[in-house]
């Protein structure tokens, strides 16, 4: 038995191969049969698509299933909702306003926003927006209680 097969069998526990196949096929609209799962447990190499489906079903990483590492935990990756998007756009506009005009409180490479060419202006705004998105996701990751994480 290979590592994938061993870990699949461990995760499956008392769940029969037939029940697991039915659950995978109904939840993910796949075509994984009982006999295919049995072959995996007995050493056959799985398709990557099936590895991802099985990993998602058991809430483990594909790397864990394949024996690449022993970290089962899928990292919490919070998604941004509509309110988060509005907050990001509002904060981005404040930053842009602060960079505009001679009285701008900030400068980029010694220039206000008007002193930049269009390409640099777009790059700066895109960078600021990406930074705001990352900061929002990290804050949600840090402050979301474990019981509310998927």
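The gain in end-to-end length when the residue 68 to residue 19 segment is fully stretched comes to 14.9 nm, 0.36 nm per residue minus the alpha carbon separation. Computed from the Cα positions only, the extents of the chain along the three principal axes stand at 71, 31, 28 Å, in decreasing order. Annotation for the range 76-97 versus the range 1-58: alpha-carbon center distance of 39 Å. Helix 118-143 and the longest principal axis of the Cα set of the chain meet at an angle near 50°. Based on C-alpha pairs under 8 angstrom that are at least 6 apart in sequence, the range 3-66 has a relative contact order of 42 percent. Principal axis extents of the C-alpha atoms in the range 1-57 (largest first, rounded to whole Å): 27, 24, 19.
Highest mean packing first, where packing is the average number of other Cβ atoms within 10 Å per residue, the peptides 125-133, 51-59 line up as 51-59, 125-133.
Rule-based calculations on the coordinates, nothing more; no lab input. Everything numeric in this text was worked out from a predicted model, so none of it was measured. In this analysis, Cβ positions are derived from the backbone assuming ideal geometry, glycine residues included, and neighbour counts consider all displayed protein chains.
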